[in-house]
Amino acid sequence: MSEKKNEMTFEQAISSLEALVKTLESGELPLEDAMRQYEQGVKLAAYCSKKLNEAKLKIEELKQPHDEAGV
């Protein structure tokens, strides 16, 4: 099955997260905007963590001997 076309890549999510952090660290946003940005950052961080865990599991799966992997 193919991946969703509209799903953000890990690299896009990291880039967006880095931009959000830079904006928040500037301290120039009104509180309401900063809270929205922070919430979005938490979601992006969770997404990145999920993608990293998926990659780690895939690597571990690929490292298994062929007889254990069902090949």
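The values are calculated or read from the model by the stated rules, or taken from the named source; none is laboratory data. As the structure is a computational prediction, the values presented were derived from the model and not from experiment. For neighbour counting, all protein chains shown are included, and Cβ atoms are generated from backbone atoms with ideal geometry for every residue, glycine included.
Of note:
- Glu3 vs. criteria at pLDDT 95 or above and either part of a helix (DSSP H, G or I) or exposed (fewer than 11 other Cβ atoms within 10 Å of the Cβ) (or both): no
- Output for the range 20-33, where each listed residue is surrounded by fewer than 15 Cβ atoms within 10 Å (Cβ to Cβ) and part of a helix (DSSP H, G or I): Lys22, Glu25, Ser26, Leu31, Glu32, Asp33
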